[in-house]
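**Student:** Sharing a structure, written as structure tokens. Questions coming.
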């Protein structure tokens, strides 16, 4: 195995183990306080959802032989990379300063926000071979947009604020501005990955044009 192949395998295993341990530890922490069933509601948060996507994709790439499911994992690597990077960036800039976590909660947070994102990014840089088509941008954006609508639904109907920028009781109409900024952040991350992919990772592969 070449050094590149060995490094890629290590990074993929790191993403797999860190996301798995982070998710399980987060569920365990909440189970102690609220019980197992209530702890499962942790998956309503983008952090857990994006890390679960990483876990699924890394599992497919590590354990499946070539086939339809593994091809799907490869095709969604770029999109999942953009989601997990935003998880780390938004947490670092917006949430880290206002959350005080200790012990097991801190360990779970470090795994999910600071270990998984750079591991996935490094793996993507070393292994992405598929040239992206710009029509895919809207597909990549579907999930973040649906998540924001889901967050607004919880805020309006259940007064359940997933993150501070969903708190309509405190911020009112300014929530719309925050969400627009988050959407712009998602779009900027996606465009950055497209730029790196098309101009550095796959510069000599012609883009397939849809009919």
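Please treat every number below as a calculation from the coordinates, not as lab data. Only a predicted model underlies this, so the values are computations on that prediction, with no experimental measurement involved. Methodologically, a virtual Cβ is constructed for each residue, glycine included, from the backbone with ideal geometry; neighbour enumeration extends over all protein chains shown.
**Student:** For the chain, list log₁₀ I(q)/I(0) at each q in 0.13, 0.17 Å⁻¹, using the Debye formula over Cα point scatterers of equal strength and ignoring solvent, two decimals each.
**Tutor:** Each listed q corresponds, in turn, to -0.79, -1.28.
**Student:** Further question: According to a simple spin-label model (label point 7 Å from Cα along Cα-to-Cβ), what is the distance in nm between residue 174 and residue 31?
**Tutor:** Spacing of the two 7 Å Cα→Cβ label points: 4.0 nm.
**Student:** Taking 0.36 nm per residue of sequence separation and subtracting the Cα-Cα distance, how much length would be gained by fully extending the chain between residue 101 and residue 131, in nm to one decimal?
**Tutor:** On the way: separation 30, 0.36 × 30 = 10.80 nm, distance 4.01 nm.
Difference between extended and current length: 6.8 nm.
**Student:** I would also like to ask the following. Please check: in the Gaussian network model of the chain (C-alpha springs, under 10 Å), which one of 22, 60, 35 has the largest mean-square fluctuation.
**Tutor:** In this elastic network of the chain, the residue with the biggest mean-square fluctuation among 22, 60, 35 is 35.
**Student:** Here's another thing I want to ask about it. How far is helix 116-127 tilted off the main Cα axis of the chain, in degrees rounded to 10, range 0 to 90?
**Tutor:** 10
**Student:** Contact order normalised by length for the chain, with contacts defined as Cα pairs under 8 Å and 6 or more residues apart; what percent is it?
**Tutor:** On the way: 197 pairs, mean separation 51.7, N = 211.
RCO, the chain: 24 percent.
**Student:** In terms of the Cα gyration tensor, with a ≥ b ≥ c the square roots of its eigenvalues, is the range 1-56 rounded because a/c is under 1.5, prolate because a/b exceeds b/c, or oblate? Please report the intermediate quantities before stating the final value.
**Tutor:** Working: a/c = 5.28, a/b = 2.83, b/c = 1.87.
Cα axes put the range 1-56 in the prolate bin.
**Student:** On to the next question. Nearest 10 degrees is fine. How inclined is helix 46-63 to the longest principal axis of the chain, computing both from alpha carbons?
**Tutor:** It is inclined by approximately 30 degrees.
**Student:** Taking square-rooted eigenvalues a ≥ b ≥ c of the alpha carbon gyration tensor, is the range 104-184 rounded, prolate or oblate, where a/c under 1.5 means rounded and, failing that, a/b exceeding b/c means prolate?
**Tutor:** On the way: a/c = 2.95, a/b = 1.43, b/c = 2.06.
The shape class here is oblate.
**Student:** Would you mind pulling out the separation of the Cα centroids of the range 136-185 and the range 8-70, in Å?
**Tutor:** Going from one Cα centre to the other spans 23 Å.
**Student:** Give me the angle, in degrees from 0 to 90, between the Cα long axis of helix 136-158 and the longest principal axis of the Cα atoms of the chain, rounded to the nearest 10.
**Tutor:** Orientation of helix 136-158: about 10 degrees from the principal axis.
**Student:** Then there's this: Given Cα positions, please report Rg to Rh for the range 46-137, the hydrodynamic radius being the Kirkwood one. Each step should come with its number before you reach the end.
**Tutor:** Details: Rg = 14.6 Å, Rh = 14.2 Å.
Value, to two decimals: 1.03.
**Student:** Moving on. Output the peptides 81-87, 100-106 sorted from most to least packed, where packing is the average of other Cβ atoms within 10 Å over each peptide's residues.
**Tutor:** Values: 81-87: 24.3, 100-106: 10.9.
Ranked by mean Cβ neighbours within 10 Å, highest first: 81-87, 100-106.
**Student:** Which order, highest average first, do 42-48, 116-122 follow once you tally other Cβ atoms within 10 Å for each residue and take the mean per peptide? Display every interim value, and only then the final one.
**Tutor:** On the way: 42-48: 18.7, 116-122: 22.9.
Going by the mean number of other Cβ atoms within 10 Å, highest first, we get 116-122, 42-48.
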